[in-house]
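Trainee: For reference, the structure I am asking about is given below.
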Amino acid sequence: MGLKRRKGMAENIRAGYLAPYDSFENRIANLKFVQDIPMEPSVPSYSVMQYIEDNLKQLCNLDTFELEKLEIEEDIDELKLLIENHSVYTDSDVAKRILKNWDIELKAFKKVMPTDYKRVLLEQDRKEKKAG
């Protein structure tokens, strides 16, 4: 089941998405952060990253959120736009690689859905269907 956003993002959410890019210094810091992500097994910290990926569900409190597949076209488009912007602002090799292999790399992403937010959206859907 997918949930679709009905309205544009709230101003505070939009500001949160844009904050990492609001100055040259922040763009450079973001670039350096991404460049430090181990992407190859030859990198010494790669095994730590692989462990986190393999055990994410055990490391999280899944009572507060769910990890979902990215299936809603709007969510996929938004993710791609964020990565494209990141690539433009930081010249990130990782972002370029993800975009170059988009259909393959997309499968590695998960949507983090807070359970309370999902419950509210489902309730809104139920009320709209009942009223309409």
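Derivation of every value follows stated rules applied to the coordinates shown; laboratory data play no part. Here the structure is a predicted model, which is why all the values come from computation and not from measurement. When we count neighbours, we look across all protein chains shown, and the Cβ atoms used for this are built from the backbone with ideal geometry, even at glycine.
Trainee: In deg cm²/dmol and to the nearest 500, what is the mean residue ellipticity at 222 nm of the chain if only DSSP H runs of at least 4 residues count, each as -39500 (n - 2.57), divided by the residue total?
Mentor: -18000 deg cm²/dmol
Trainee: Which value, in debye to the nearest 20, gives the size of the charge dipole of the stretch 15-131 about its Cα centre, when Lys and Arg are +1 and Asp and Glu are -1 at the Cβ?
Mentor: That gives a dipole near 240 debye.
Trainee: Label Leu56 and Thr115 with points 7 Å out from Cα along Cα→Cβ: what is the distance between them in nm?
Mentor: Taking the two extended label points, one gets 1.8 nm.
Trainee: Could you sort 35-44, 20-29 so that the peptide with the highest average Cβ count within 10 Å comes first and the rest follow in order?
Mentor: Going by the mean number of other Cβ atoms within 10 Å, highest first, we get 20-29, 35-44.
Trainee: Which loop chymotrypsin sites (Phe, Trp or Tyr not before Pro) in the stretch 73-132, with loop taken from DSSP, have no more than 16 other Cβ atoms within 10 angstrom of their Cβ?
Mentor: Hits after loop and neighbour filter: Phe109.
Trainee: Separate question: Each label point is 7 Å from the Cα along the Cα-to-Cβ direction; what then is the distance between the points at Glu105 and Tyr17, in nm?
Mentor: Using points 7 Å along Cα→Cβ, the separation is 1.8 nm.
Trainee: Quote the FRET efficiency, to the nearest 0.05, computed for Asn85 versus Lys130 with a Förster distance R0 of 41 Å and r equal to the Cβ-Cβ distance.
Mentor: Computed FRET efficiency for Asn85 and Lys130: 0.60.
Trainee: Just name one of Asn12, Leu82, Leu106: the one whose Cα is farthest towards the positive end of the charge dipole of the chain (beta-carbon charges, Lys/Arg +1, Asp/Glu -1).
Mentor: Asn12
Trainee: Can I ask one more? Once fully extended, how much extra length lies between Glu40 and Arg97, figured as 0.36 nm per residue of separation less the alpha-carbon to alpha-carbon distance?
Mentor: 19.2 nm
Trainee: Would you list, by chain and number, the aspartates and glutamates whose Cα falls below 20 Å from the Cα of Lys96, excluding same-chain residues fewer than 8 positions away?
Mentor: Leaving aside aspartates and glutamates fewer than 8 places away in the same chain, those within reach of Lys96 are Asp36, Glu40, Asp75, Asp77, Glu78, Glu84, Glu105.
Trainee: Radius of gyration and Dmax for the chain's Cα atoms, expressed in Å?
Mentor: Here Rg and the maximum Cα pair distance are 17.4, 58 Å.
Trainee: If I take every Cα pair under 8 Å that is 6 or more residues apart in the stretch 3-132, average their sequence separation and divide by the length, what percent do I get for the relative contact order?
Mentor: Relative contact order of the stretch 3-132: 30 percent.
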